[in-house]
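These notes are about the structure you will find just below.
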Amino acid sequence: MQDARGMRGMRAMIMAAGFGSRLGALSDQRPKPMLPVCGAPLIRWAALWLRAQGIREIVVNLHHRGDQIEAELGDGRALGLAIAYSREEGEILGTGGGLRKALPLLDDGHGTPIVAMNGKVILDLELAPVLALHRAHDAEATMVLRPDPEAERWGSLRTDAAGRVTHLLGKASPGAAAGGPALMFTGVQVLSPRFIERIPASGQQCVVRTAYSQLHAEGGAFCGFVSEAYWWEHSTVERYLQGVANVIEGRAQVAYAPGPVRGVDPSAWIDPSATVDPMAWIGPRARVGAGASVGPRVQLGADVTVGPGLRLRDAIVWDGVAVTRDLEREVLTS
């Protein structure tokens, strides 16, 4: 029997093996999916989103500092999930190679569709309509797409009125009409096992430039579900800062959030003469000194201390850090 969203028995993969090179020094300390947002790393947000969609079996691929991700999620039981890991030893395998290596963990042997997503995003998307489009067209793959003013810069896609992809990386499929507006791939996708088998079985591979490009050249059936629901990836320091601000200020309406997304933890201590903006998140056992000003759009991790008289605005402070100077548009780590 199917569950209410049609997800019963489906498995999902969270892509979490990347180096996070655009984060600079932050990725030396943590892999991108371990960036904390309001008390929980991005990888936990991703797992909870999948659970909220009705999925209970998840595979996570690991490479750069993968031990941190495995320590965070464990076997998934604490989250009501079953989590397995696909470890990419030596060479990192990319978005396609990672899926191909993990296929034995993802394929249930019955052709059940597989959900894949990046471990660096927070999103509001409802997955059931994506799956419905995928099944209606008996598609090999369905990409979740979104309007974006920079879509052409990243390699745009277009769809027709029925939701079939007509243009991939700016190129039309055989016999395709003009298609709709330029769209960007979110990294969220529903895939059949036979689609993943199109990816070369060894080496570093890109899923778009292998399986999708092959299917596109053949004129095969794959779809694009266009969504304007909240979606944000955290690939740079600026995008990380803005992503945290989006959550704190409520632009991300995430019912599956792992905890409160603004406010002061009951175990934190705020000096009576300090001021805390309502649009701030202050974690467990944090301490804010006399005359300090915190916020707006500030995230203070667990056990952070803020010295007297300091001003913090549009900033993120990781767990256990002592803040000794003013901060603005900055991430302060241990």
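Residue-wise test of (1) under 18 Å from Ile55 (Cα atoms); (2) acidic (Asp, Glu).
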site: Lys101; (1), (2): no, no
site: Ala128; (1), (2): yes, no
site: Leu131; (1), (2): yes, no
site: His134; (1), (2): yes, no
site: Glu152; (1), (2): no, yes
site: Val165; (1), (2): no, no
site: Pro181; (1), (2): no, no
site: Met184; (1), (2): no, no
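Pick from Ile282, Ile316: which is in contact with a helix residue (DSSP H, G or I) (Cβ under 7 Å, 6 or more places away or on another chain) and of a type in the set (Val, Ile, Thr)?
Ile316
Cβ-Cβ below 8 Å, separation at least six or inter-chain, first residue in the range 297-326 and among the hydroxyl-bearing types (Ser, Thr, Tyr), second open to solvent by 40 Å² or more (accessible area, probe 1.4 Å): which pairs?
Final answer for the pair search is Thr305/Arg287; Thr305/Ala322.
Take Pro129 and tell me if it is open to solvent by 10 Å² or more (accessible area, probe 1.4 Å), part of a loop (DSSP other than H, G, I, E, B) and under 25 Å from Glu233 (Cβ atoms).
no
Those residues that are farther than 27 Å from Ala102 by Cβ and either surrounded by 14 or more Cβ atoms within 10 Å (Cβ to Cβ) or acidic (Asp, Glu) (or both), I need them from the range 172-200; list them, please.
Within the range 172-200, the first condition is being farther than 27 Å from Ala102 by Cβ, and the residues that meet it are 172-182.
Residues satisfying the conditions are Ala172, Ser173, Ala176, Gly179, Gly180, Ala182.
State yes or no: is Val261 within 23 Å of Leu42 (Cα to Cα), of a type in the set (A, V, I, L, M) and within 23 Å of the chain's Cα centre (by Cα)?
On the way: within 23 Å of Leu42 (Cα to Cα): yes; of a type in the set (A, V, I, L, M): yes; within 23 Å of the chain's Cα centre (by Cα): yes.
Answer is yes for this residue.
Out of everything in the range 289-330 that is among the basic types (Lys, Arg) and surrounded by fewer than 22 Cβ atoms within 10 Å (Cβ to Cβ), what residue ends up being farthest from Ser273 (Cα to Cα)?
Arg329
How many residues does the range 278-288 hold that are open to solvent by less than 10 Å² (accessible area, probe 1.4 Å) and in contact with a Pro (Cβ under 7 Å, 6 or more places away or on another chain)?
1
Determine the pairs where a residue that is over 14 Å from Pro181 (Cα atoms), located within the range 139-157, has a partner that is open to solvent by 80 Å² or more (accessible area, probe 1.4 Å) with Cβ atoms under 7 Å apart, the partner being 6 or more residues away or on another chain.
Glu140/Arg194
Quick one: which of Asp138, Asp148 is open to solvent by 20 Å² or more (accessible area, probe 1.4 Å) and under 23 Å from Gly54 (Cβ atoms)?
Details: Asp148 fails: under 23 Å from Gly54 (Cβ atoms).
When all the criteria are applied, what remains is Asp138.
Since Ala252 meets every condition but one in (1) surrounded by 18 or more Cβ atoms within 10 Å (Cβ to Cβ); (2) within 22 Å of Leu123 (Cα to Cα); (3) at pLDDT 95 or above; (4) of a type in the set (Gly, Ala, Ser), which condition does it not meet?
Among (1) surrounded by 18 or more Cβ atoms within 10 Å (Cβ to Cβ); (2) within 22 Å of Leu123 (Cα to Cα); (3) at pLDDT 95 or above; (4) of a type in the set (Gly, Ala, Ser), the lone unmet condition for Ala252 is (3).
Among the residues of the range 115-126, are any at negative phi, among the polar types (S, T, N, Q), touching a Pro at 6+ places or on another chain (Cβ under 9 Å) and surrounded by fewer than 21 Cβ atoms within 10 Å (Cβ to Cβ)?
No, because not a single residue in the range 115-126 is at negative phi, among the polar types (S, T, N, Q), touching a Pro at 6+ places or on another chain (Cβ under 9 Å) and surrounded by fewer than 21 Cβ atoms within 10 Å (Cβ to Cβ).
Looking at the range 157-203 only, could you name the residues that are part of a loop (DSSP other than H, G, I, E, B), among the small types (Gly, Ala, Ser) and under 18 Å from Ala221 (Cα atoms)?
Ala161, Ala162, Gly163, Gly170, Ser173, Gly175, Ala176, Ala177, Ala178, Gly179, Gly180, Ser192
The values are calculated or read from the model by the stated rules, or taken from the named source; none is laboratory data. Nothing here was measured: the structure is a model prediction, and the numbers come from that model. All Cβ positions, even for glycine, are placed from backbone atoms using ideal geometry, and neighbour counts span all protein chains on display. All accessible areas refer to the heavy atoms of the entire protein, side chains included, with ligands and DNA or RNA removed. Shrake-Rupley method; radii C 1.70, N 1.55, O 1.52, S 1.80 Å.
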